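Enquirer: To start, I am sharing the structure in question, which I have written as structure tokens.
The values are calculated or read from the model by the stated rules, or taken from the named source; none is laboratory data. Please read these numbers as outputs of a predicted model, since none were measured by experiment. Cβ: placed from backbone, ideal geometry, glycine included. Neighbour counts: every protein chain shown. These area figures cover heavy atoms from the full protein model, side chains too; ligands, DNA and RNA do not enter into them. Shrake-Rupley method; radii C 1.70, N 1.55, O 1.52, S 1.80 Å.
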Amino acid sequence: MAKKSASEVLGVAGHEVTISNPGKVLFPEPKLTKLDLVHYYIAVSEGALRGAGGRPNMLVRYPDGIQGEHFYQKRAPTSRPPWIEVVELRFPSGRAAEEVVPRDAAALAWLANLACLELHPHPVRAEDLDHPDELRVDLDPVPGVTWRQVQEVAMVARSVLDDFKLVGWPKTSGSRGMHICVRIQPRWSFDEVRLAALALAREVEQRGPNLATSKWWKEERQGVFVDYNQNSKDRTVAAAYSVRPKPDARVSAPLSWDEVEDCDPADFTLVSMPARFEKLGDLHRGIDEHAGSIEGLLELFERQGLGVAPWPPHYRKQASEPPRVQPSKRKSKFPLIEIGRARHKEDALAGVERWKARHPEAAAHLQPADILVDAMRGRYSTWTRIRINLQRVPEALRPPQEPLDPDEKIRSNS
């Protein structure tokens, strides 16, 4: 049995940080190691701390690299240096946990040693956990939507923010979408910030009806989903400079608005970002100087007269919320069938390919957006459910619901 690499001790921000097994490969294709991840976060620490510093962070850990199992860890490890700060958060479920609050480059290096690729901060400061100081615009394209359309929706969102005297700071998500961070005054509750985000999403949809959608249910979405629910309490998104679990070690890259229309997310990686950062600095460095008011968006919500929208399924039912039942289950508006459930996305997608092989005539009518891939989040990990919307398949060719394939028995709190 091969021995693990010896540990390495780094002096960072006045602290000694021990890197265990520094040669552990986290990204097989570019052969990037845990030590590479540590050095990356040290190099971009000023910007990474502007996005995630001083905030409680959920840990998303990849101890065996991106090809191994990963897990979510809300609770800070009990074995930690005395200089790692924590703060207790209370969640909608009623549970509480102490989460890590990074304050300096040493904390980032310590997190990287835990194989935390991504920084997942809550939109609140550790000093005030009840009032968000950030509204998050998450542009999430449905399958088949091009990057160009995401860029177009981002520009529509910018125009809405401008009209309401809010300053948006764009960044690639590091995956298929884009985020726009908006600093706000910490005067409103989570529920109020979510309503403001919902009003903004609906306004973006109105201005770009063929580009964007604010519809929560996947079978109703077309185009780029403006995910207002990312502003619900206990929701986090990957912060600026976060490394994402992609084969090329892509990162969430802050952008100037001049770059939005021409940028390529593949250009921003763990390898390339430090040089860009050294040359340009943090393009979000002015974000804290532009905290705005959401009063205008809350007034817009009232004028829209559309009422509240569904919350994520694991949240408690709200008094004013519409029925939390999928449209497909209410009146069979959408003919959906479920294909399979699996811990690993690739196993669930393999079930789709087997279904297509069994039903080639029906499969020929499907478009990418008709394959609904749901990342179902348990307490510690995610699993994948896949459904197919048969609305484009002629009724005579629609296969019935079949036994799930695969059918892994997964508990929602796994």
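Enquirer: Which of the residues that make up segment 284-339 are modelled with pLDDT of 70 or more, assigned to a helix (DSSP H, G or I), over 30 Å from G51 (Cβ atoms) and touching a helix residue (DSSP H, G or I) at 6+ places or on another chain (Cβ under 7 Å)?
Expert: Selection gives Q304 alone.
Enquirer: Can you tell me which residue within segment 55-86, out of those that are open to solvent by less than 30 Å² (accessible area, probe 1.4 Å) and β-branched (V, I, T), is farthest from P247 (Cα to Cα)?
Expert: I84
Enquirer: Looking at segment 281-297, can you tell me whether even one residue there is surrounded by fewer than 16 Cβ atoms within 10 Å (Cβ to Cβ), out of contact with any strand residue (DSSP E or B) (no Cβ under 6 Å at 6 or more places or on another chain) and of a type in the set (A, V, I, L, M)?
Expert: So far as segment 281-297 goes, no, none of its residues is surrounded by fewer than 16 Cβ atoms within 10 Å (Cβ to Cβ), out of contact with any strand residue (DSSP E or B) (no Cβ under 6 Å at 6 or more places or on another chain) and of a type in the set (A, V, I, L, M).
Enquirer: Still on this model: Please identify the pairs in which a residue from segment 184-195 that is of a type in the set (K, R) and part of a helix (DSSP H, G or I) has its Cβ atom under 8 Å from the Cβ atom of a residue that is modelled with pLDDT of 95 or more and surrounded by 22 or more Cβ atoms within 10 Å (Cβ to Cβ), counting only partners at least 6 apart or on another chain.
Expert: So the pair list comes out as R194/Y228; R194/N231.
Enquirer: While we're here: Among the numbered criteria (1) within 16 Å of the chain's Cα centre (by Cα); (2) surrounded by fewer than 18 Cβ atoms within 10 Å (Cβ to Cβ), which one does R187 miss?
Expert: Tallying (1) within 16 Å of the chain's Cα centre (by Cα); (2) surrounded by fewer than 18 Cβ atoms within 10 Å (Cβ to Cβ), R187 fails exactly one: (1).
Enquirer: Further, regarding this structure: In segment 129-166, which residues are open to solvent by less than 30 Å² (accessible area, probe 1.4 Å) and of a type in the set (K, R)?
Expert: Hit for segment 129-166 is R136, nothing else.
Enquirer: Further, regarding this structure: Is there any pair with a first residue in segment 23-35 that is under 11 Å from A112 (Cβ atoms) and a second that is polar (S, T, N, Q) and part of a loop (DSSP other than H, G, I, E, B) whose Cβ atoms are under 7 Å apart and which are 6 or more apart or on different chains, and what are they?
Expert: From residues that are under 11 Å from A112 (Cβ atoms), the pairs are K34/N21.
Enquirer: Next up: Which ones in segment 17-31 are over 25 Å from the mean Cα position of the chain (by Cα), more than 18 Å from A105 (Cβ to Cβ) and either part of a strand (DSSP E or B) or hydroxyl-bearing (S, T, Y) (or both)?
Expert: Within segment 17-31, just S20 meets the criteria.
Enquirer: Determine if segment 31-53 includes at least one residue that is closer than 27 Å to W169 by Cα, open to solvent by less than 20 Å² (accessible area, probe 1.4 Å) and at pLDDT below 95.
Expert: Within segment 31-53 (the criterion being closer than 27 Å to W169 by Cα, open to solvent by less than 20 Å² (accessible area, probe 1.4 Å) and at pLDDT below 95), the answer is no, since none of the residues qualifies.
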